[in-house]
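The values are calculated or read from the model by the stated rules, or taken from the named source; none is laboratory data. Here the structure is a predicted model, which means the values were calculated and not measured. So basically every Cβ, Gly included, is an ideal-geometry build from the backbone, and we count neighbours across all protein chains shown.
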Amino acid sequence: MNSTISFVLDGGIVSIDFSRKTLLRPTTTVLNYLRSLPTHRGVKEGCAEGDCGACTVVIAELVSGNAVRYRAVDSCLLFLPMLHGKQLITVENLKGPGGELHPVQAAMVQTHGSQCGYCTPGIIMSLFALYKNTSHPSREEIDDALTGNLCRCTGYKPIIEAASQACNGSPEDHISSIEQHVVRLLNSLPGDSLELNTGEQRYFRPASISEALALKRRYQEAIVLCGATDIALRVTKNHELLREIIDLSGVDKLKTISETESLIRIGAGVRLSDVLPHIKGKFPALHEMLAVFGSQQIRNIATLGGNLGTASPIGDTLPVLIAYGARIILESIDGEREVPAHRFFKGYRQTDRGNDELITAVLIPTPAPGVTVKSYKVSKRKDLDISTVSGGFTIAMNENDSVGAVTLAYGGMAERVKRAERVEQFLVGKRWTRDTVDQAMRLIDDEFVPISDVRGSAELRRVAARNLLLKFWSETHHQ
Ligand SMILES: Cc1cc2nc3c(=O)[nH]c(=O)nc-3n(C[C@H](O)[C@H](O)[C@H](O)COP(=O)(O)OP(=O)(O)OC[C@H]3O[C@@H](n4cnc5c(N)ncnc54)[C@H](O)[C@@H]3O)c2cc1C
Ligand code: FES
Ligand code: FES
């Protein structure tokens with residue numbers, strides 16, 4: 001195993017050997033690393049929890065060995081070893097060799113989109129990723145690219161104007177002119193497993209599933225991470241020293257998606273932004289939920305495996321996966337097993353996963369004809385917000401317009417994501433009428449004892465849960 005991470009920065013290879021004395025830890029964030037360099041202080045810390053985007057950088061990764069893909073990410077949530085084998089691009093890299101502004105920077109100047117040095121570097125980096133990936137973006141695409149960047153003062157109008165002005169055609173820029181050089185550098189980097197042992201921390205980054213499973217058997221208390229959008233907060237907010245870590249972000253096999261007529265299999269390590277294009281059309285309820293999941297910076301690193309592993313009562317994909325009848329694949333070195341999503345969550349942040357098991361994939365069956373699946377998220381704002389209450393509901397009607405089968409999975413109503421099973425039983429066989437749904441809404445109150453917290457009172461949650469059922473009925477009943 002290798003104790004050195006290597007990545008590309010400023011057109012050259014940077015290596016950090018953790019077996020030598022260094023002030024850096026494996027859990028040092030890319031943000032803190034950059035802030036320690038005199039040459040990369042454009043990046044800023046606003047919140048250190050993925051909400052403000054002041055720390056946005058762009059990561060370029062090899063695609064098929066001969067091209068790169070650019071993604072905006074929050075550097076405050078990225079541990080240094082997650083850069084291994086990639087290119088890190090910061091706002092300092094955007095100016096051309098003669099000091100000329102990048103088209104995105106020039107547009108921000110022309111439209112007066114920048115008022116302060118705090119949010120602007122992050123906004124520029126999000127717009128740079130948009131510039132590289134989307135020509136002539138729609139207003140919706142621009143808004144989505146900026147969801148993860150907060151500006152408290154100018155308003156977004158000039159920034160949106162800058163985006164349309166800059167992203168008006170070709171993604172060519174001086175970064176493109178060095179792209180093949182970067183591809184060569186990235187291809188020359190070692191892609192092997194990492195074991196970073198600093199005495200106080202052991203950070204494993206296996207390159208294969210079998211290696212990851214062997215490590216999990218050996219280090220059962222080790223913290224597993226995929227995208228680290230949840231785990232990183234333990235370091236940045238709780239200031240915990242994580243002693244043993246198994247980072248799955250280097251296991252390519254966990255990043256694969258395969259589809260058949262009857263199901264889609266999504267690897268636990270697939271980033272949510274890569275899940276989205278595969279489920280559009282076929283799994284609209286999941287697509288709708290992922291489209292408002294965090295921000296682009298979050299979706300570019302967060303994974304489905306991580307959302308399931310967190311087992312939060314307000315994890316957004318959980319109710320909708322239950323509604324689709326998804327099955328979770330758990331693997332250990334002894335083999336794999338499948339657990340239906342609704343049986344996977346056992347209690348507050350507790351799952352059926354054994355200490356030596358990893359979540360390796362999720363299987364989502366294609367709904368049969370006549371089955372409708374819907375998802376709902378109630379939050380204080382549409383974007384970059386955690387649910388107060390969420391729902392993943394399924395209904396299949398009998399020919400006589402009575403309910404054949406129904407699943408009502410709720411988030412935010414109990415210590416775990418939970419089905420309203422008594423209401424489901426009440427509904428089966430009944431005609432799907434307003435009168436039936438009114439009775440069912442009253443039963444929801446007996447099913448859950450929600451809590452009051454910063455996101456909403458218990459009463460708000462009860463009302464929202466009832467009304468989501470009504471909304472579901474209004475969208476699925478036939479007049
Ligand atoms: C700013 C911000 C916005 C967010 N917005 C949302 C949102 O809108 N909706 C929402 O639901 N969540 C949201 N989250 C929470 C988080 O992004 C999600 O839970 C995400 O899916 C976690 O994925 P990850 O790969 O980053 O997980 P990680 O942080 O890597 O891991 C999360 C947990 O899962 C476990 N785990 C990860 N992978 C595996 C595996 N393969 N096998 C076993 N255990 C595993 C880890 O041990 C850990 O307990 C947000 C977080 C931030 C910081
Ligand atoms: S510092 Fe706010 S998102 Fe990273
Ligand atoms: S211009 Fe920086 S916060 Fe608005």
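Contact map, the stretch 465-479: residues that are in a loop (DSSP other than H, G, I, E, B) paired with residues that are of a type in the set (Asp, Glu), Cβ distance under 8 Å, separation 6+ or inter-chain. Pairs shown: His478/Asp401. Of the residues examined, Gly148 is one that is modelled with pLDDT of 95 or more, surrounded by 15 or more Cβ atoms within 10 Å (Cβ to Cβ), in a loop (DSSP other than H, G, I, E, B) and within 16 Å of ligand 2 (Cβ to nearest atom).
Collect the residues in the stretch 103-133 that are in contact (Cβ under 8 Å) with a residue 60 or more places away in the chain and away from ligand 2 (no atom under 16 Å from the Cβ), keeping them in residue-number order. Selection gives Pro103, Val104, Ala106, Phe128, Lys132, Asn133. Checking the conditions here, which among Glu45, Glu49 is within 16 Å of ligand 3 (Cβ to nearest atom), under 26 Å from Thr198 (Cβ atoms) and among the acidic types (Asp, Glu)? One residue alone meets the criteria, Glu45. Sort out which residues of the stretch 20-34 are more than 9 Å from ligand 2 (Cβ to nearest atom) and either closer than 20 Å to Thr229 by Cβ or touching a His at 6+ places or on another chain (Cβ under 6 Å) (or both), and write them in order of number. Hits for the stretch 20-34 are Arg25, Pro26, Thr27, Thr28, Val30, Asn32, Tyr33, Leu34. Restricting attention to the stretch 16-39, which residues are of a type in the set (S, T, N, Q) and surrounded by 14 or more Cβ atoms within 10 Å (Cβ to Cβ)? Within the stretch 16-39, Thr27, Thr28, Thr29, Asn32 meet the criteria. Within the stretch 77-101, residues that are more than 23 Å from Thr120 (Cβ to Cβ) and assigned to a helix (DSSP H, G or I) reach partners that are at pLDDT 95 or above and β-branched (Val, Ile, Thr) with beta carbons closer than 7 Å, at six or more positions or on different chains, in the pairs Leu80/Ile5; Leu80/Ile16; Leu80/Thr28; Leu80/Val30; Pro81/Ile5; Leu83/Ile5; Leu83/Val30. Would you mind stating whether Ala162 is touching a Ser or Thr at 6+ places or on another chain (Cβ under 8 Å), within 16 Å of ligand 1 (Cβ to nearest atom) and free of Cβ contacts under 8 Å to residues at least 60 places away in the same chain? Here the answer is no, as Ala162 does not meet what is asked.
Restricting the stretch 15-41 to residues that are assigned to a loop (DSSP other than H, G, I, E, B) and charged (D, E, K, R), which is modelled with the lowest pLDDT? Checking each candidate, the answer is Lys21.
Name the residue that is farthest from Leu77 (Cα to Cα), counting only residues in the stretch 303-323 that are assigned to a loop (DSSP other than H, G, I, E, B) and not acidic (Asp, Glu). The qualifying residue farthest from Leu77 (Cα to Cα) is Pro313. Among the residues making up the stretch 196-228, those that are acidic (Asp, Glu) and surrounded by fewer than 17 Cβ atoms within 10 Å (Cβ to Cβ) are Glu200, Glu221.
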